[in-house]
Amino acid sequence: MTIATDVEQLQGQLGDASADRLLSAVLRDLFAGRAAVVSSFGAESAVLLHLVATIDPATPVLFIDTGRHFVETLRYRDRLAALLGLSDVRTIGPTAEEIARLDADASRATWDPDGCCAFRKTRPLQRALADFDAWISGRKNFQSALRSALPAFEHDGMHVKINPLARWSAADLAAYSDRHRLPRHPLVDQGFASIGCAPCTSAVRPGEDTRAGRWRGFDKIECGIHLPLSHQPSGK
Ligand code: SF4
């Protein structure tokens, strides 16, 4: 059995299941103790985290602290984790040696955002995922053209990647958030529809994709953690 075969079978079994049924199967059965959620604690993170906390609040949640986040994001992470009772939020990120060697003056985002994302996000996540067989992402089809055909299950190198909210609309997210009174990231009210690192995030104008405010001025729409391994920049 290969990862690709596993993914095909999972997609056939659960690809059309509701998010809570899918997550319940993944966390309690299929990948019990072997799956982690990866969360940016950004504009749309609360729904997935609430669904996961309802099933198992001890699920590992990986937060990549790039060292360039808004302070509001770090506070929101702590507030949301406490509110939802998430007991295993793991903050991961680049090492001090990597930062000193690869971006000592913290300017790399302005001249090489791919390289900056590679050492601040992608490599720390790859290291952390070595402890797991599957990871859960909060990506949705409506977020951008690149994400418009996400399946519930994909393979990502040696991992199964799971997108339980792929088919959710912005209205679905808003309704769920309202129903469960989930707090919003404080920057959402300032027009930030997708929130990453401070140097690479701007507010979104009416009619733009939710991710249009990320890396404005660059030909870049993904940080790299969701790209196939063969397409990820090295960031040396
Ligand atoms: S989003 Fe910007 S600051 Fe953050 S890791 Fe990527 S390039 Fe660097």
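The values are calculated or read from the model by the stated rules, or taken from the named source; none is laboratory data. Treat the numbers as computed from the prediction; the structure is a model and nothing was measured. Neighbour counts are summed over all protein chains in view; Cβ atoms, including those assigned to glycine, are modelled from backbone coordinates with ideal geometry. Remember, those area values only see protein heavy atoms, side chains included, never the ligands or the DNA or RNA. Shrake-Rupley method; radii C 1.70, N 1.55, O 1.52, S 1.80 Å.
At-a-glance table
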read-out: Portion, in percent, of the accessible area of the range 32-111 that falls on carbon or sulfur, probe 1.4 Å; value: 54
read-out: Accessible area in square angstrom per residue, the range 1-153, 1.4 angstrom probe; value: 43
read-out: Eligible aspartates and glutamates near LYS236 by straight Cα distance, threshold 15 Å, same-chain separation 8 or greater; value: GLU97, GLU98, ASP103, ASP112, ASP114
read-out: Table column - 3J(HN,Hα) (Hz), the range 201-213, Karplus curve with 6.51, -1.76, 1.60, x for Gly and Pro; value: 10, 9, 5, 9, 8, x, x, 7, 4, 4, 9, 5, x
read-out: Rounded accessible area of ASP133 (nearest 10 Å², 1.4 Å probe); value: 60
read-out: The chain, relative contact order in percent, only Cα pairs under 8 angstrom and at least six apart counted; value: 25
read-out: Eligible lysines near LYS161 by straight Cα distance, threshold 18 Å, same-chain separation 8 or greater; value: LYS121, LYS140
read-out: Qualifying trypsin sites (Lys or Arg not before Pro) in the range 164-219, DSSP loop, other Cβ atoms within 10 Å at most 14; value: ARG181, ARG184, ARG216
read-out: Calculated [θ] (222 nm, deg cm²/dmol) that DSSP helices of n ≥ 4 give over the chain, each run adding -39,500 (n - 2.57); value: -9000 deg cm²/dmol
read-out: The chain - share of DSSP beta bridges that are antiparallel (%, nearest 5); value: 35
read-out: Radius of gyration, Dmax [the chain; alpha carbons; angstrom]; value: 17.0, 49
